[in-house]
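Chemist: Got a structure for you, written out below as structure tokens; questions coming shortly.
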Amino acid sequence: MSHSTLGLICLLAPLTAFFTALVGFRNNHRAAMATVLLSGLASALCALLLLAQHSPQPELVTRSWIHAGGVDIYFGLLLDGKTLIMGAVVAVITLCIQTYSLNYMATDPGRGRFFAFLALFEWAMLCFVYSPSLMQTFVFWELVGLASFFLIGFWYSKPSAVAAAKKAFIMTRIGDVGLFIGLILLFQSTHTLDILRLNATHFETTRIELITLLLFVGIVGKSAQFPLHTWLPDAMEGPTPVSALLHSATMVAAGVFLFARFHNLFMQAELTLTIVLCIATFTAVLSSTMAMVAKDMKRVLAYSSISQLGFMLMGLGAGSLFAGYFHLVTHAVFKALLFLCAGAYIHHYETNDIIAIGRAGGRKLRIVTAGLVIGGAALAGLPPLAGFFSKELIIGSLGHGHPRIFVIGALLASFMTAYYTFRMIFLVTRPNADSEASPDQEAPDHEADDHHAEGSLLPTHAPIVLLTLGAIGLGFLGDSIARLLGQSAHHPALAEMAPAIGVACFGVLLAWLDFGRSAAAQNGFVSRMPAVRRLFEQGWYLDALYKKLFVGLAQAIAGLLFGLENRGFDGGADGIASGTRAAGRTAAKAQTGRLQLYIGTSILLFAAAALYIGLGASR
Amino acid sequence: MSDMPILSIILLAPLVAFLITVVLPEAQTQLIKIINAVAGLTTLVLALVVWASYDKDLGGYQMIEDVPWVPDFGIHYTVAVDGISVVLTMLTAIVFLTGVLSMWTLEKRVKEYFAFMGLLVFGVFGVFISLDIFVFFFFYEVAVLPMYPLIAIWGSTRKEYSAMKLTIFLMVGSALLFPGLIALFVESGGHTWNLVALSQAGTFSESTQIFIYPFLYIGFGILAGMWPFHSWSPTGHVAAPTAVSMLHAGVLMKLGAFGILRIAIGVLPLGAAYWAPTFAVLATIGIVYGAFVAMRQTDFKYVIGFSSVSHMGIVLLGLNTLGVDGVNGAVFQMFAHGIMTALFFSAVGFIYDQTHDRDIRHFGGLVGQIPVATSFFILAALCGMGVPGFASFWAELLVFIEAIRVFPVLGMVAIVGLVFTAAYVLRVLGLAIFGPKNSDWDELVEPTPFLSIPRIMLIAVLLFFGFVPSLMVDMISSATHIFSAAGASL
């Protein structure tokens, strides 16, 4: 099959499945799920075939979408190294998660709808990834956000889920405004939105700095960087497969992908790069601190996602496309794995609390626990797992010609990553009933095994095993990925790697002392400082601050204008109205109703007009 | 086909329906509904024919029919369409048909209701296809006239007050328009009311244009919901019955914007260029203001009413850029907003018919109780937020591209307004559609397949032009090439 056919199948299969599942199979969950799963399989196969048959030159398949005045927008596919890798990652992980959801959502009354929205997400995400023009990128960037809105708020009768969905949509939209203005400015400067042509353009410095900064605002929103990161932890209200797919592996990485897509533009803007590095490093450190004290397993992973996205942006901002992009790929795999493991625990023990899961016997789920340990080790950057290679490259790239502070920040974040990851692992695998740790929520007391006896465990375990293999092996594919991206893989020397390995091992060791060894108090070093613990637990009080400051401000303005509308405009109009009515009553006593008043006035006006015209014509 | 007076047939179809309805006995409600539906279907089919047979490459006014009416005063019955009229005729036909179908369950004074509605639609079609300014104004008044009884008799929530307020505002608008239009006639030498002739460059001196323009802009602008003369429109929407709200917000407000484009800007381009920055500021205020006020409303229809103020602000901002992309976007937005609000009111009307309650705080989790009916509302809400995949996304995009070029600051303010749009839309969804369900409404029933038809039609149109925007933009831009691609320098 030709590449354009493969690409079209890859894009259209999920869209068809979405409509079929949502409208056609509204009352038939089984058929809806089967349709979506089939479409996921088709897309994954096509994406992998496209990747396997890649050609060294970028390929372009396009059709005109809008052509008017000065605007010419088209829709299509761009096949080059960046899109092929990302497309394959998205399609394969989506397939894994759809399979996993067969079990996870098996008893949910809305499972058909759930699968339909997974398909919508896949369609939007793939169209976003393969996009040849910034316009298409933006359109599907928005649609991905829409799918995210519906999936976070999937359990729509839970007020917290609805609030989280709304928050996610509005906060990412703040970023989107930046991206949108950036897009328009870019279009005005170049009269094109073609990604390849834009990347080949050279700009005047101040202009490109403004444009890339605006694009970066969009990235900050989507990839949950400081100061717009607070929506992501709340987004964990969605079902766990959604958190795995959208809010860690793929959708939040869309911002990073956009950066990689426009790497050449960002490279022209010195100032933007510095700002990117500052924000990315700060975010990586900030969110790691929050992960160190969280007790909700999904929240630990969510904070970790924010921090790892910061790492990717650090790599890209430091100028190393390969480092950032490689970390994007490895992170997608091991973080999806971690979320699926978390989901398996949560599903089985009906609690999100890591301490409660550990006490309830979390390690008895052998395959899941193996996945958790391997995925966690990859996240912590322990050799020779996937995360190790990519994180090394990022820290290595920061070492060349950038202020020391960034390397220190990255190492600090790496240390905390290893610490909070192994804190989670030890709390789950080595529970200690006498420890000082107290769960926030207890696991419900029941015979978990017979409760969840329904169905085979294969759909749960197969994706976990597959992703575990990925987390082990993906690190060794660095060279091939670099070649696809047209970059040369840089292999850091052992001496360069030493600090990063050192801090990671130190983090693991500290986690062992605090939580792992049998005499451990299971009360981390942070928790021994109550003020610091509270600060971290409250997310540095940023949420509360935003709520007071921005939400309060918007509501105050709305209230003010609402009052103005009712008293000012409406009141003024009412005054005129009552005056007119009074005048009408006195002046037109002969009139019996308002309709007649109106007609009468109209006739008078027409008569006056006729008179005026007559005078005008005779003049 | 070409020798058939197709435009006149479109124009007469609602009038014929009106006359038959008037003659028929009161009790024949079913027949009256069928006749109006047939009229609606006829106009829709013919509007499609007009769309298909209009030659976009040729552009300009086509299918001209010209009959002298009052030759002494230069008044002719001249109808014709250009790309803009084609689009708006289509809009009117869609909203007419879906409006009739949405009111299929009406039982109170059916005869008068459909009579007034036919008259209103007759006037709207007349405005969109008239080339003679006098006839244009005649139809304009015909369209506005039936609003009073339609609201005062069939409305709800302070209906007489609202009807009165609306009428007074619109009369003030007409009072501004009338001298403006007369002045056009007199100043041009008093021979013709023909739009094309009056639009010839050099007909009016720059100072005349600058003097007359605000009369026309504000006169038409009041009907278009222009800030700060908008307050009649939300109250009117709230009080009006479903199909009237659909026609009112869907089509009638477009008459105002169309008047601005066709007459104010078309005849007085220099005046437009002079006043554009001022009116662009007002339009931008309207966009943000409408969104903020909508954030505090508790009545479904008030939210939609203020969202209309905000969305019509986008239309007016697009028109004031005087650039081809901006005007294309404005006309596209007129169409998209027309279909979208019709869908909004239609969806809310369906809920209100059963509950007689529109306070969003009284609902919750409706999507669990009536998933099909609420999904219509959700889709309209998504369109209102400018989500891609719906027609309004492209319309807003075009307006913003031009606005950033011509008025960078206003453009950015308007784009930031999108955040607040999302905020008020999601607030309604979060309170009424999602969230814990209110078991008071467990008894609600889903629309029958027949009642779903008009809503599905509207959704299909929104999605169709969301996916294939080029069809719409090609049609509009066959009429807007007179605007410069570079913006406000006509």
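The values are calculated or read from the model by the stated rules, or taken from the named source; none is laboratory data. From a predicted model like this one, the values you see are computed outputs, not experimental measurements. Reconstructed Cβ throughout: ideal geometry from the backbone, glycine too, with neighbour counts over all protein chains shown.
Chemist: Taking the stretch A:391-415 on its own, how many of its residues are modelled with pLDDT under 90, buried (at least 20 other Cβ atoms within 10 Å of the Cβ) and over 16 Å from A:Ala498 (Cβ atoms)?
Modeler: Selection size over the stretch A:391-415: 1.
Chemist: Looking only at residues that are more than 9 Å from chain A (Cβ to nearest Cβ) and not in a helix (DSSP H, G or I) in the stretch B:383-431, which one is nearest to B:Asn320 (Cα to Cα)?
Modeler: The extreme case among them is B:Phe407.
Residues checked against (1) more than 16 Å from B:Met340 (Cβ to Cβ); (2) surrounded by fewer than 18 Cβ atoms within 10 Å (Cβ to Cβ); (3) at pLDDT 85 or above:
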residue	(1), (2), (3)
B:Gly411	yes, no, yes
B:Glu446	yes, yes, no
B:Pro454	no, no, yes
B:Ile459	no, no, yes
B:Met475	yes, no, yes
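Chemist: Within the set of pairs 6 or more residues apart or between chains, which connect a residue that is in contact (Cβ under 8 Å) with a residue 40 or more places away in the chain inside the stretch A:460-479 to a residue that is of a type in the set (S, T, N, Q) and surrounded by fewer than 24 Cβ atoms within 10 Å (Cβ to Cβ) with Cβ atoms less than 7 Å apart?
Modeler: So the pair list comes out as A:Thr460/A:Asn103; A:Ala462/A:Thr99; A:Pro463/A:Thr99.
Chemist: Within the group B:Gly190, B:Gly225, B:Gly219, which residue is touching a residue at least 60 places away in the same chain (Cβ under 8 Å), buried (at least 24 other Cβ atoms within 10 Å of the Cβ) and within 13 Å of another protein chain (Cβ to nearest Cβ)? Talk me through it step by step, then tell me what you get.
Modeler: On the way: B:Gly190 fails: buried (at least 24 other Cβ atoms within 10 Å of the Cβ); B:Gly219 fails: touching a residue at least 60 places away in the same chain (Cβ under 8 Å).
When all the criteria are applied, what remains is B:Gly225.
Chemist: A further question follows. Taking the stretch B:289-342 as the region of interest, how many residues are under 13 Å from B:Gly225 (Cβ atoms), of a type outside the set (A, V, I, L, M) and more than 9 Å from chain A (Cβ to nearest Cβ)?
Modeler: 11
Chemist: If A:Ala500 passes every condition in (1) at pLDDT below 85; (2) in contact with an Asp or Glu (Cβ under 9 Å, 6 or more places away or on another chain); (3) of a type outside the set (Lys, Arg); (4) closer than 20 Å to A:Thr421 by Cα but one, which one does it miss?
Modeler: Looking at each condition in turn, A:Ala500 falls short on (1).
Chemist: Inside the stretch A:32-48, can you point out the residues that are in contact (Cβ under 8 Å) with a residue 40 or more places away in the chain and surrounded by fewer than 17 Cβ atoms within 10 Å (Cβ to Cβ)?
Modeler: A:Leu41
Chemist: Can I ask one more? Given the criteria among the aliphatic types (A, V, I, L, M) and modelled with pLDDT of 85 or more, does B:Ala257 qualify?
Modeler: Values: among the aliphatic types (A, V, I, L, M): yes; modelled with pLDDT of 85 or more: yes.
When the stated conditions are applied, B:Ala257 passes them.
Chemist: Determine if the stretch A:416-426 includes at least one residue that is under 24 Å from A:Ile501 (Cβ atoms), crowded, with 21+ Cβ neighbours inside 10 Å, modelled with pLDDT of 85 or more and touching a Phe, Trp or Tyr at 6+ places or on another chain (Cβ under 6 Å). Give the derivation first.
Modeler: Going residue by residue through the stretch A:416-426, those that are under 24 Å from A:Ile501 (Cβ atoms) are A:416-426.
When the remaining residues are screened for being crowded, with 21+ Cβ neighbours inside 10 Å, the result is A:416-426.
Adding the requirement that they be modelled with pLDDT of 85 or more leaves A:416-426.
Imposing the further condition that a residue be touching a Phe, Trp or Tyr at 6+ places or on another chain (Cβ under 6 Å) reduces the set to A:423, A:426.
Yes, that holds for at least one residue.
Chemist: When the stretch A:497-529 is examined, which residues are found to be surrounded by fewer than 14 Cβ atoms within 10 Å (Cβ to Cβ) and farther than 24 Å from A:Arg359 by Cα?
Modeler: Those that are surrounded by fewer than 14 Cβ atoms within 10 Å (Cβ to Cβ) and farther than 24 Å from A:Arg359 by Cα: A:Ala498, A:Gly502, A:Met529.
Chemist: B:Arg361 is checked against (1) within 13 Å of another protein chain (Cβ to nearest Cβ); (2) over 21 Å from the mean Cα position of the chain (by Cα); (3) in a helix (DSSP H, G or I) and fails just one. What number does that condition carry?
Modeler: (1)
Chemist: Something else now. Is it the case that the stretch A:381-390 has a residue that's closer than 25 Å to A:Val293 by Cβ, assigned to a helix (DSSP H, G or I) and of a type in the set (A, V, I, L, M)?
Modeler: No, the stretch A:381-390 contains no residue that is closer than 25 Å to A:Val293 by Cβ, assigned to a helix (DSSP H, G or I) and of a type in the set (A, V, I, L, M).
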